[in-house]
1. If I stretch the segment between Ser181 and Ser94 completely, what's the gain in nm (0.36 nm per residue apart, minus their alpha carbon distance), one decimal?
2. Of the candidates Phe141, Phe24, Phe110, which one comes out as most mobile in a Gaussian network treatment of the chain with C-alpha springs shorter than 10 Å?
3. Quick one: in the chain, what % of C-alpha pairs are over 21 Å apart?
4. At a 10 angstrom cut-off on C-beta neighbours, averaged per residue, how do the peptides 142-150, 173-181 rank from highest to lowest?
5. Subtract the Cα-Cα distance of Phe109 and Glu75 from 0.36 nm times their separation in residues, and report this length gain in nm to one decimal.
6. Looking at the chain, what % of its DSSP beta bridges pair antiparallel, to the nearest 5?
7. Please state, as a whole number in µm²/s, the translational diffusion coefficient that the Stokes-Einstein equation yields for the stretch 41-155 at 20 °C and 1.002 mPa s, with Rh defined as the Kirkwood radius across alpha carbon pairs.
8. Would you mind telling me which residue in Asn139, Asn162, Asn59 has the biggest mean-square fluctuation in a Gaussian network model of the chain, where springs connect alpha carbons within a distance under 10 angstrom?
Amino acid sequence: MKIVGLLVAFFAVFFSNAQNSYYFADPLPSATKKVGLVSESYFGTYKLKNGTLEYQFDNDGLTLISTTMSTISRETVRETSQYSVRDGYIFGVSKEDSIPCILKEDYYFFGVRSHDVFVGGTSKNVLAKTNNPSVYVLNVFENGRYVPQILEFAGNKLKVSNFDYSGESKEEFGFVESKESVQSGDLNLVILKPKEANFERIKSQAFEETMILKK
């Protein structure tokens, strides 16, 4: 799924010259904080300014909606029965519906929307609450481990902070007593097993605000 590739790029902080790559054995801040939904007062769709990514919160959980720009030449539309263009819409690209398009220099430009259920359904990702009622942690499941993302609601805005670290120092998360190291090629994968009491320090030290979406 295209959206998964996009989010891995957002969430997983991999540096080719880094010695350590960090994951979490369990969802943050703890398994007991797991929830299926955000508070109903935060329900709605939050969008990036350029419209390429949306976070949709509702009774089903969390769905991420991405828009990828694509093109088809006017010649292809003319010579292939699969496609047709009428009244500014291209048909045949999506099975569900037609898509608005713009003709520019013999190419039709259009955006293809992808939906991915990130919390709910069969998703293995875990949404967890924190002691702050407006802050949640989205724990993205990757190969039996988790990469966290902080979601903070503020009025009609959703602030998204991604897990971020240098990866160069073995003492970067020295305050986490329980951890496991796994060698993977040139990388040392460090699986952190923090106590819930460690969460606030991890939150303040290892997250960087990356996106602001508006409702």
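Bear in mind that the values in this text are calculations on the coordinates, not laboratory data. Being a predicted model, the structure only gives us computed values, none of them experimental. Cβ coordinates were reconstructed from backbone atoms using ideal geometry, including for glycine residues, and neighbour counts include every protein chain displayed.
1. 26.8 nm is the gain from fully extending Ser181 to Ser94.
2. Judging by the Gaussian network model, the answer is Phe110.
3. Looking at the chain, the distances longer than 21 Å represent 60 percent of pairs.
4. Peptide ranking by packing, descending: 142-150, 173-181.
5. Working it through step by step, the gained length comes to 10.9 nm.
6. 95 percent
7. 128 µm²/s
8. Comparing Asn139, Asn162, Asn59 in a Gaussian network model of the chain, the most mobile one is Asn59.
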